[in-house]
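The values are calculated or read from the model by the stated rules, or taken from the named source; none is laboratory data. Computed from a predicted model, the values in this text were never measured in an experiment. So basically every Cβ, Gly included, is an ideal-geometry build from the backbone, and we count neighbours across all protein chains shown.
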Amino acid sequence: MLKLRFTSGIALLAATVTACGLGNPPTHDAPLPAEPTMIGFADPSRVGGLSTRTITAKAPSRRVHITYPTLAADPALSHQLHAEVTAQLRAFTRATRAAGPTPELNIDWQLSAVSEKIIGVRLRTGEFDGSGWSDSQRTVWHDRPANRPLSSTGLLNGQAGLTTLAGLVKARLKDRKHGVDVDAVTADPNLFDSLAFNRKGDLVAEFDDFQVGAGSLGRVAVAVPRAQAAPLLSAAGVAARAAAETPAVADVPPVQVLTSKREHTRSTDFGETDCAPRKCVALTFNDGPGAHTPRLLSALAARGARATFFVTGSNAIAQPDLLRRMRDEGHVIGNHSWSHRNLAALSANRIADQLGRTQNAVHAAVGQTPTLARAPYGSAGPEVAMVAERMGLSLVRWNVDPGDEYLRDPADVVRRTVKGARPGAIIALHGVSGSTVDAMPTVLDELTRRGYIFVTVPELYGTQPMMPGQTYHAGGPTATTARLR
Ligand code: NI
């Protein structure tokens, strides 16, 4: 019953994205018309040389999680994206100085279009300033042959194109939702900082919360039909439209949440080690995969150590080859949500979206659906546990936290991790942090010298089953939680 209700909720969510007020049932010959303001995003795993970077807070007083792509062939784009997100982080840090509820900044990304000529990266920002949420987006374009970043208005033929576009958008918004402030639409490049194309070549302009009306309006976007938009485009705009119209990659399949088919997870599902008579620790790596993951995997493999990786869906879908390497080298892959938002602050539907899309992304990469999840920031209320249970996910916390994401010196990571280790511990680390990965060879060697072996989380529990919806802090004799700061 619960599962049925859940599944239909997700189907409804997906339907609002893909269909729009159809009078007749669809047939095989007539595909569903797309909602015109939906951008036909490209599959990042098909883009050669793409890796991801993660930026987190320097102190626990703020929740910050930023990811953006880097492309080996387009260094100026990576540089531009880094500059964009760090500017946002600085503004957020300035704006949230006052004490109060923990503020949160979350930025993830999508590829609006990719071709040999041009690439568009849509940075999507969610911000909680202590009192309320706002969402915004900005699309950075990049002229690949010239190695030159462009703002969204770089797709237009100068101020004249922008002025005409503003007029067309204004006309289309007039008879739209109540509450849209049409007079707020002016030919201001900051207002038109997220332009892209749908698969039909219509020009899509998106507005941030509060830009053209109340935040409660939800997403406000306008599609200007191809023929009307065509005269407004620059050469880069024409290239971007062509890239969107002829995607080099298959469409992402519709959302269908994968639930692990199991009553519980036993250690023998993954490994053979019996931790009862031995000193086991479970190293867990959050937030990857990313640019440092290959090095981390090599350090583990060289010492025969297995670990548990809690990956974000947005990183997983971009780098499925790294997930396959994790699987092939004996590690367990767990779910760390799609974009690393504080799940405890989200509705049940959005929690399900964050966890469900990640289940799908991991399954698409490695053919296995996770049975373990770790909530970002370890922040999980009863609704997170309820959704996790329906999806067949056990929630994994930790009892050793070296605080590695705040440490720059690998020697500090080594010292705190080794000091915290004890039989049965679940140690929380961050595989996207360069200093953590630098520290790992020494951590592994030092703990080995002290008689430890490195196992996955389910192995830590031995034959004791891990149940969906339950929370696990540590195995073996250490059931107490300690925070090392
Ligand atoms: Ni995390």
With P441, P468, P423, P458 as the choices, which residue is within 20 Å of H331 (Cβ to Cβ), in contact (Cβ under 8 Å) with a residue 12 or more places away in the chain and either within 25 Å of the chain's Cα centre (by Cα) or not in a helix (DSSP H, G or I) (or both)? P458
Out of R97, R62, which single residue is modelled with pLDDT under 95 and in contact with a helix residue (DSSP H, G or I) (Cβ under 9 Å, 6 or more places away or on another chain)? R62
So which of R357, R350, R341 ends up being outside any helix (DSSP H, G or I) and either over 25 Å from A282 (Cβ atoms) or under 14 Å from the mean Cα position of the chain (by Cα) (or both)? R341
Counting just the residues of the stretch 280-302 that are in a loop (DSSP other than H, G, I, E, B) and of a type outside the set (A, V, I, L, M, F, W, C), which one comes out farthest from the ligand (Cβ to nearest atom)? H292
Residue list for the stretch 45-67, filter: away from the ligand (no atom under 16 Å from the Cβ) and either surrounded by 15 or more Cβ atoms within 10 Å (Cβ to Cβ) or under 20 Å from Q137 (Cβ atoms) (or both): S45, V47, L50, S51
Any residue at all in the stretch 375-382 that is within 14 Å of the ligand (Cβ to nearest atom) and over 17 Å from the mean Cα position of the chain (by Cα)? yes
Of the residues L195, L173, which single one is at pLDDT 95 or above and buried (at least 18 other Cβ atoms within 10 Å of the Cβ)? L195
Report, by residue number, each residue of the stretch 215-272 that is surrounded by 13 or more Cβ atoms within 10 Å (Cβ to Cβ), at pLDDT 75 or above and either part of a loop (DSSP other than H, G, I, E, B) or not hydrophobic (A, V, I, L, M, F, W, C) (or both). P225, R226, Q228, S234, G237, R241, E245
Can A305 be described as over 24 Å from L460 (Cβ atoms) and either away from the ligand (no atom under 16 Å from the Cβ) or not in a loop (DSSP other than H, G, I, E, B) (or both)? no
M326 vs (1) hydrophobic (A, V, I, L, M, F, W, C); (2) surrounded by fewer than 16 Cβ atoms within 10 Å (Cβ to Cβ); (3) within 24 Å of the chain's Cα centre (by Cα): all pass except (2)
